[in-house]
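A.B. asks: Can you keep this structure in mind? I'll have questions shortly.
The values are calculated or read from the model by the stated rules, or taken from the named source; none is laboratory data. Since the structure is predicted, the reported quantities are computational estimates derived from the model, not experimental observations. Glycine also receives a Cβ, built like all others from the backbone with ideal geometry; neighbour counts cover every protein chain displayed. Quick note on the areas: whole protein, heavy atoms, side chains included, nothing else; ligands and nucleic acids left out. Shrake-Rupley method; radii C 1.70, N 1.55, O 1.52, S 1.80 Å.
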Amino acid sequence: YSWNRDEMFATGALTLLQLLELVPGVTTFTTGNLASPQFAAYAGNPGRVRVFIDGMEIDNLDPRAGGALDLGEVQLWSLEQVTVERGADEIRVYCRSWSVDRTTTSTRIDILTCDQRTFIARAVFGKRYNHGELLQVGVQSYGRSSDPSVGGGNELALFARLGWANKRWSVDGYYMHAGRTRDLREQDFGNTLLEPDIPEQDRTRADMYFRAGYGTPDSGVWAQAMVAHSNFTENSPFSNIPDLPVDSADTTRTSTQYIATGGFTRWGLRLSGVERYHQLQTGGV
């Protein structure tokens, strides 16, 4: 299963979760829409859905998520291609970030209004200059009703890439920063003592990498080396909901990856290999 940028927009999906709903064998769950936690499971296991962007794995750094990746961490609007590979016991989602290869300026502005007083605005700009320099920037902001019965919240996501390339060699730096606020979400049914409401959350996440490459994965011999870093910070107020345990606020977690990949693509044959050194660090609570 694979979608390019135009196909992703054509599906009407606003999040990666909504796109994965089209894949057989994937079960999705969310308590609301954009601001609510968003989880997907493969063969009934939410811990076996792995997401990669340009070879960098998107780690679950939120201690509230219980070991499963909140797919709301992935900014679908900033991607150029999504490819899904299903294995025996896990699903891998390979994402390629949006890029431009022409000196003609590439821009797009979207403004959407939805139900539950949801408002989304996004804009992107990309241009490759005559000597191979690259500049890309983008922003998306959404706001949603604070009604506790529908799961409100807001987010501001900023994206930037600087790079340079010639016929065979390329270097670039990527940065994505998203600040997300989730309002209190009341449950609709059940025992409120055993199944309490979902408390509010105020958090930010930043994913970045520096990459150097030779060739292109789409043709011929290619190789690339990457240093990637992710940072998750939560500054939520402590819970004051009766019978709900005090939540962990002021949490910081980081992830660093060193990745080397290479391969060969020609005559309909694609061979590739990857070596990854992965370091997870937990901060203070």
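For every residue, the table says whether it meets (1) modelled with pLDDT of 95 or more; (2) open to solvent by 10 Å² or more (accessible area, probe 1.4 Å); (3) within 27 Å of Gln201 (Cα to Cα); (4) touching a Ser or Thr at 6+ places or on another chain (Cβ under 6 Å).
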{"position": "Asn45", "(1), (2), (3), (4)": "no, yes, yes, no"}
{"position": "Asp70", "(1), (2), (3), (4)": "no, no, yes, no"}
{"position": "Glu73", "(1), (2), (3), (4)": "no, yes, yes, no"}
{"position": "Val82", "(1), (2), (3), (4)": "yes, no, no, no"}
{"position": "Ala88", "(1), (2), (3), (4)": "no, yes, no, no"}
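A.B. asks: Moving on to the next point. Can you tell me which residue within segment 125-171, out of those that are touching a residue at least 40 places away in the same chain (Cβ under 8 Å) and farther than 19 Å from Ser36 by Cα, is farthest from the chain's Cα centre (by Cα)?
C.D. replies: Arg168
A.B. asks: Next question. Does segment 95-122 hold any residues that are surrounded by 15 or more Cβ atoms within 10 Å (Cβ to Cβ), over 16 Å from Tyr175 (Cα atoms) and either at pLDDT 95 or above or among the basic types (Lys, Arg) (or both), and which are they?
C.D. replies: Residue satisfying the conditions is Arg122 alone.
A.B. asks: Limited to segment 145-184, what total is found for residues that are open to solvent by 30 Å² or more (accessible area, probe 1.4 Å) and at pLDDT below 80?
C.D. replies: The number of residues fulfilling the criteria is 5.
A.B. asks: All but one of (1) open to solvent by 30 Å² or more (accessible area, probe 1.4 Å); (2) touching a residue at least 24 places away in the same chain (Cβ under 8 Å); (3) of a type outside the set (A, V, I, L, M, F, W, C) hold for Thr27, so report the exception by its number.
C.D. replies: (2)
A.B. asks: Further, regarding this structure: Hey, could you check segment 215-241 for residues that are at pLDDT 90 or above, within 24 Å of Phe159 (Cα to Cα) and of a type outside the set (S, T, N, Q) and say which is surrounded by the most Cβ atoms within 10 Å (Cβ to Cβ)?
C.D. replies: Looking at residues that are at pLDDT 90 or above, within 24 Å of Phe159 (Cα to Cα) and of a type outside the set (S, T, N, Q), I get Ala228.
A.B. asks: Residues being of a type in the set (A, V, I, L, M) and within 20 Å of His278 (Cα to Cα): count how many of those fall in segment 34-64.
C.D. replies: Result for segment 34-64: 6.
A.B. asks: Right, next: Output yes when any residue across segment 192-203 is assigned to a strand (DSSP E or B), in contact with a Ser or Thr (Cβ under 7 Å, 6 or more places away or on another chain) and modelled with pLDDT under 85, and no when none is.
C.D. replies: Within segment 192-203, one or more residues are assigned to a strand (DSSP E or B), in contact with a Ser or Thr (Cβ under 7 Å, 6 or more places away or on another chain) and modelled with pLDDT under 85.
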